[in-house]
Structure formats: structure tokens, C-alpha cells
Amino acid sequence: MSDCCNQLRVLTTVSVIAMLRQPSALDRIHAGMIVGQTSTFGIESEITQAFAKPSLLGLGFFVIHIMGRCYGVKSPDATMLAVSFDEVGRRISKRGKHKAPFDEVAATDIATAFTSAVYLDHRDDDTYLGMSVVRFTEIINANRLVWAPDGDEAFDDGSYVLQFDVGERVRLVAFNRPTSLVDPASVQEAWLAADNFYDILSQWRERFTAEWESLPKHS
């Protein structure tokens, strides 16, 4: 009788542990997703709470991985996701138009020039990568070179990601500004085939949409 009871206890304990290890529906919802490769280029996002309003879509996070470094705030309540979703759509629709005459300049030089021209004080006769501040910022804005920050709180960690369409390739230059200046150690760049880059963007939008549609919505 004693051996039988002991075996029953063991089986019960194993069953309970197995149940605890099974992911709940909530765990599956919060699992998030990664499209692409974090070691080169990938997009990672998570919907922790879905909303019916197109202007919100969901609460969660949206981060960009470039060469093994994560840019953006990876927190369950980092941002509403509609802005990041819409920006990815705009990137796709403007394929081939994110151009600049300085698209092959060293990544650190681009990051420094961008920061100085856009955020720091300067004289009217200062030049940035051989251009006046007016011309330099005009190219940045007109060609939507800045992917991140995208206008919401997803990149409130001081992350920046610039995108350049260079022929049949895409170049990404990413960095952090923890203060007013660029952190040199944070600068990364990635070159990808344009088809590969835009396919990752399209896949992410499709998978995000499918995930959002499958979740219960808050009003």
C-alpha cells in the first residue's frame, strides 16, 4: 500500500509540474515575434493588449535589431504600436526613394553629422558632409531617411535608425544618443539586398496584422 501511495504521489507531482510548464493562452499572446535575423537585421514586436482603434492597434513594443544590437525600448508597455506599423508601411510604399548623396559615407560620420545638424547649435556657414545645414536636413526630411524614432515612444531610449536605398541594396545606420551626442560604441550598420530588406518589412506587417486580428480587442 505504501509503495502504491508513493507512486501515486510521484505521478501527481509530475502531472502538476507538466501542467505548470504548459504555456497559458496569455503566455502565448505575450510571446512576441521576430522577423528576420537579430544578428544582421530583424524586427521584433509584441502586442500585450490589442485595441480596436486603428490609431492605437495595440500596446506593446517595437524594436529593430541590427548586427546583434537592439534599438528601441523592449518593454511590454513601451508604446502604442499603430505609429510603428504605419511607418513600416510607408517604408515599403517608398521603396527606392530613401536616397542621399552621402549614403556611402562612414556610419559614424553620418551619425555625427545628423546629430549636429538636427539637434545641436550651429553657425549658418557650418557644413555637414559637404552640404549646408539647410540642404542636409532637406535631404533627410524629403527622402524620409529617419526610420526611428518614428514619432511615438517606441524609441525613447535615444535610438536612431537611418535607412538608405543604394541601388539594389539597403543600408541601415543605427546609433544611440544617451545625451546630446552620439555614443560611438552604439554605432552599427548593415547592408542588405533590397529584396531581402523589404520582404522582412512585408512579412512583419502581415504577421503583425494576423496576430492583431486574432486577439480580443479593448475599446
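Quick note: the coordinates plus some simple rules give every number you see, no bench work behind them. Just so we're clear, the structure is a prediction, and the values are computed from it rather than from any experiment. Note: ideal-geometry Cβ built from the backbone for every residue, glycine included; neighbour counts use all protein chains shown.
Here are some notes:
- Estimated dipole of the chain in Debye, rounded to 20 [Cβ of Lys and Arg +1, of Asp and Glu -1, Cα centre]: 580
- DSSP H segments from the chain that extend 24 Å or more along their own axis, Cα-based, with Kyte-Doolittle mean of 0.0 or above: 2-21
- Relative packing of 131-141, 105-115, which averages over residues the other C-beta atoms within 10 Å, highest first: 105-115, 131-141
- Alpha carbon centroid spacing (whole Å) that separates the range 56-74 from the range 97-130: 25
- Normalised alpha carbon radius of gyration of the chain [divisor 2.2 N^0.38 Å]: 1.31
- Residue-normalised convex hull volume from the C-alpha trace of the range 99-208: 111 Å³ per residue.
- Against the rule of thumb 2.2 N^0.38 Å, how large the Cα Rg of the range 60-129 comes out: 1.43
- Cleavage-rule hits (GluC sites (Glu not before Pro)) in the range 141-200: DSSP loop, at most 13 neighbouring Cβ within 10 angstrom: GLU168
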